[in-house]
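All remarks here apply to the structure that follows.
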Amino acid sequence: MCLLYGIKKCLKAKEALENGEVPVGCLMVYKDEVVGKGRNEVNETKNATRHAEMVALDQVLDWCWRSSLDVKSVCERIALYVTVEPCIMCAAALRLLNIPVVVYGCRNERFGGCGSVLDVSSADLPHTGTQFKCISGHRAEEAIDMLKTFYKQENPNGEKQNHSACLFFLLLTLHFQSV
């Protein structure tokens, strides 16, 4: 794992924290090039789907379009680095796009999609993309410290957030597990 990617993802998380967001930062790396980077933008956009991974994915899609590259081929060769375990919604999106590996810092005990709550990453879910490898613990202490800092503050948008997108993906995942 490249130290540089760990530092950059933490910088995106610090940027999120400074902007009143849950401090999650993400990088998507293709052939040693960062082609997507994101931080949580949920509070500022009032959009529950604007997690760091989704913001980074939008950049990857744009980069593919501008570079005339096939999105599927690129996604199959991307390594995703993120400070916190992807939630169920983000893990489902990564699986659908066939992202092969996710390297994250700390576990997400409330919404984690890589084993903490549900294991979207390796569950047998037919017709939902491919399973992906998860590597946890990369710079976990930094991620935990930023989360503690955030949760010590008051989140003025915390009570008002609409978590319907996460709930939708949770129900979708549970449906496919029972099929």
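Can you name the residue in region 90-138 that is under 22 Å from VAL42 (Cβ atoms) and among the basic types (Lys, Arg) and, of all such residues, is farthest from the chain's Cα centre (by Cα)? Here the answer is ARG110. Among the conditions (1) at pLDDT 95 or above; (2) more than 18 Å from VAL34 (Cα to Cα), the only one that ASP70 does not satisfy is (2).
Here is a yes/no grid of residues against (1) within 17 Å of LEU80 (Cβ to Cβ); (2) modelled with pLDDT of 85 or more:
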residue: CYS2; (1), (2): yes, no
residue: CYS10; (1), (2): yes, no
residue: LYS14; (1), (2): no, no
residue: GLY20; (1), (2): no, no
residue: LEU27; (1), (2): yes, yes
residue: LYS31; (1), (2): yes, yes
residue: VAL35; (1), (2): yes, yes
residue: ASN43; (1), (2): no, yes
residue: HIS51; (1), (2): yes, yes
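Of the residues that make up region 54-66, is at least one aliphatic (A, V, I, L, M), more than 13 Å from the chain's Cα centre (by Cα) and either more than 27 Å from CYS106 (Cα to Cα) or crowded, with 22+ Cβ neighbours inside 10 Å (or both)? Among the residues of region 54-66, at least one is aliphatic (A, V, I, L, M), more than 13 Å from the chain's Cα centre (by Cα) and either more than 27 Å from CYS106 (Cα to Cα) or crowded, with 22+ Cβ neighbours inside 10 Å (or both), which makes the answer yes.
Given the condition open to solvent by 50 Å² or more (accessible area, probe 1.4 Å) and either within 19 Å of LEU57 (Cβ to Cβ) or at pLDDT 80 or above (or both), answer yes or no: does some residue in region 74-83 qualify?
Scanning region 74-83, I find at least one residue that is open to solvent by 50 Å² or more (accessible area, probe 1.4 Å) and either within 19 Å of LEU57 (Cβ to Cβ) or at pLDDT 80 or above (or both), so the answer is yes.
The values are calculated or read from the model by the stated rules, or taken from the named source; none is laboratory data. Please read all numbers here as calculations on a predicted model, not as lab measurements. Neighbour counts run over all protein chains shown; Cβ positions are idealised from the backbone, glycine included. Protein only, heavy atoms only, side chains kept; ligands, DNA and RNA dropped before computing areas. Shrake-Rupley method; radii C 1.70, N 1.55, O 1.52, S 1.80 Å.
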